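Rule-based calculations on the coordinates, nothing more; no lab input. Since the model is a prediction, treat every value here as computed from it, not as a measurement. Don't worry about glycine lacking a Cβ; one is built from the backbone with ideal geometry, like all the others, and counts go over all protein chains shown.
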Amino acid sequence: MFKVNENYLKLPGSYLFSTIGKKVNAYAAANPDKKIIRLGIGDVTQPLPAAVVEALHKAVDEMADASTFHGYAPDLGYEFLRNAIVENDFRARGCDIRADEIFVSDGAKSDSANIQEIFGLDNKIAVCDPVYPVYVDSNVMAGRTGSYDAVSETWSEVIYMPCTAENGFVPELPEKTPDMIYLCFPNNPTGCTITKDQLQVWVDYANKVGAVIIFDAAYEAYIAQEDVPHSIYECDGARTCAIELRSFSKNAGFTGLRLAYTVVPGDLKAGDVALNGLWARRHGTKYNGAPYIVQRAGEAVYSKEGKQQIREMVGRYMKNAHYILEGLKGAGYEVYGGVNSPYVWMKTPDKMTSWEFFDYLLEKANVVGTPGSGFGPSGEHYFRLTAFGSYENTVEAVERIKGI
Ligand code: MLT
């Protein structure tokens, strides 16, 4: 009889956003007259920027003509896109990154789940707590996390780094030494971020102990404050210890289009093995590249018009974030994030658990958010709201919450 990968059987429950989706659908079916406002999953709602749509149309026409048709994309992604990425996301910020260190893909979710494949199973991972569930779950599937304790909701072989109001949602260096450190800033779910000096401490630490940092910068476009780094490569020494994940989903509205990239610098080595070569091997073997038309759409994100349209789009979401933040603050809630990020992280009122508050909000205000405990034990008694809705819905949701 064949055997399954038993690591999958260790996973508790279903993926957080699937659980929420099911709960909300059940509520909606039982209450068809209620207008539910969804500020749960961080999915964008605004249409693609005009420059992106134009690039898509043009690329589709190219695909319709034998002389301009494109088949398989190059392994690492088209040069036109990788060059635009290097120029705009790195050189413009003084970061030393080359086009052959960029790997174009179909999403930061899959990259963040897949990247662990090139590391040994006996590596110890460290994660912020709360954390984007994909980092932990993908390591569970690989068999790197030990056993699950249902009471503490933690894995025996994972180093958890609590991020709470007490430490400003910035993790402290762990007591046990990790091999792989996952950091996400601006952070999902807390919406808080890290200064360049604070990140430099992590880079120095990783270089000292021989750990690799997997730095998820999916929310980079939302950074508003000067001292917040847009890339880990703004820190000295990051080329020898860090991989960076980037996404087109949240800045340019590509959640339904799918495009992202991962940076693996040539200087990042385990002994004399370069990780760039390993990831190239993995990419070449398991992936046939993001579609040509989508890569052209990605290129348009960096055009003059594209940049302007994206700034406007991000600005609209940040107007929502500001409204949520100030509205809830005014109503006496304890709220965080929402300044350099589209997520607002609130403390649940009256010591309600995160899931109690989820149910309460759904029933009393017909507003959907995400329970903080779904992101890890230190997320208990917190709750996440996203700024990705329409302005009208955001205003209505905040007014409803204020009214309960
Ligand atoms: C979230 O809501 O945390 C995000 O949508 C997750 C993701 O980007 O995959």
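Key figures for this structure:
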item	result
Taking N as its residue count, the alpha carbon Rg of region 1-95 over 2.2 N^0.38 Å	1.79
Fluctuation leader among Asp33, Asp267, Asp236 - the chain, Gaussian network, Cα springs under 10 angstrom	Asp33
Cα centroid separation, region 230-247 to region 15-54 (Å)	32
Point-to-point label distance, Asp204-Ala92, nm (Cα→Cβ direction, 7 Å offset)	3.1
Net charge of neighbours whose Cβ lies under 15 Å from the Cβ of Ala270, counting Lys and Arg as +1 and Asp and Glu as -1	0
From phi via Karplus (6.51, -1.76, 1.60), per-residue ³J(HN,Hα) for region 76-91 in Hz, x at Gly/Pro	7, x, 5, 4, 4, 7, 5, 5, 5, 4, 4, 4, 8, 8, 10, 4
Relative packing of 312-323, 2-13, 334-345, which averages over residues the other C-beta atoms within 10 Å, highest first	334-345, 312-323, 2-13
Cα point-scatterer Debye curve for region 153-205, base-10 log of I(q)/I(0) at q = 0.19, 0.21, 0.24, 0.28 Å⁻¹	-0.71, -0.87, -1.12, -1.38
Extension gain (nm, one decimal) between Lys364 and Asn25, 0.36 nm per residue minus Cα-Cα	120.4 nm
Kirkwood hydrodynamic radius of region 35-79, from inverse mean 1/r over distinct Cα pairs, in Å	13.9
Stokes-Einstein translational diffusion, region 245-353 - Kirkwood Rh over all Cα pairs, 1.567 mPa s, 4 °C, in µm²/s	74
Given charges at Cβ of Lys, Arg, Asp, Glu: the chain dipole, positive-most of Gly332, Ile181, Ala238	Gly332
Above-threshold pairs, the threshold being 32 Å between Cα atoms, out of Lys34/Lys347; Lys124/Lys304; Lys3/Lys109; Lys23/Lys124; Lys23/Lys250; Lys109/Lys319	Lys124/Lys304; Lys23/Lys124
For Ala242, residues with placed amide H under 5 Å, excluding near neighbours	Ile213
Three semi-axes of the equivalent ellipsoid, region 32-152, Cα gyration tensor, whole Å, largest first	34, 25, 16
³J(HN,Hα) computed for each position of region 222-228 - Karplus, 6.51 cos²θ - 1.76 cosθ + 1.60, integer Hz, glycine/proline x	8, 5, 10, 8, 4, 7, 9
Amide H contacts of Gly77 (H built 1.01 Å from N, under 5 Å, at least 5 apart or other chain)	Val104
Under 11 Å, Cβ to Cβ, from His381 - net charge with Lys/Arg +1 and Asp/Glu -1	-2
Amide hydrogen neighbours beyond the local backbone of Gly376, cut-off 5 Å, H modeled	Val131
Cα→Cβ-extended label distance, 7 Å offset, between Val273 and Met352, nm	4.9
Ordering of 386-399, 159-172, 178-191 by burial proxy (mean other Cβ atoms within 10 Å per residue, highest first)	178-191, 386-399, 159-172
Cβ-based charge dipole, region 126-272, positive-most Cα from Gly210, Met161, Gly271	Gly271
Cut-off 18 Å (backbone N to label point 7 Å along Cα→Cβ of Val395), residues of region 311-329	315-329
Using θ = phi - 60° and Karplus 6.51 cos²θ - 1.76 cosθ + 1.60, couplings along region 368-381 (whole Hz; Gly, Pro as x)	9, x, 10, x, x, 5, x, 9, x, x, 6, x, 4, 6
Residue among Ala50, Ala260, Ala126 with the largest mean-square fluctuation in a Gaussian network model of the chain, springs linking Cα atoms under 10 Å	Ala50
Rg/Rg_ref, region 109-188, where Rg_ref = 2.2 N^0.38 Å and atoms are Cα	1.05
Cα centroid separation - region 347-392 against region 179-216, whole Å	26
Neighbourhood charge, 10 Å Cβ-Cβ cut-off, centred on Ser390 and excluding it, Lys, Arg +1 and Asp, Glu -1	-1
GNM result for the chain, Cα springs below 10 Å: residue of Gly369, Gly289, Gly256 fluctuating most strongly	Gly256
Label-point separation, Ser67 to Thr195 (7 Å along Cα→Cβ), nm	5.9
Principal semi-axes in Å for the chain [√(5λ), Cα gyration tensor, largest first]	32, 27, 21
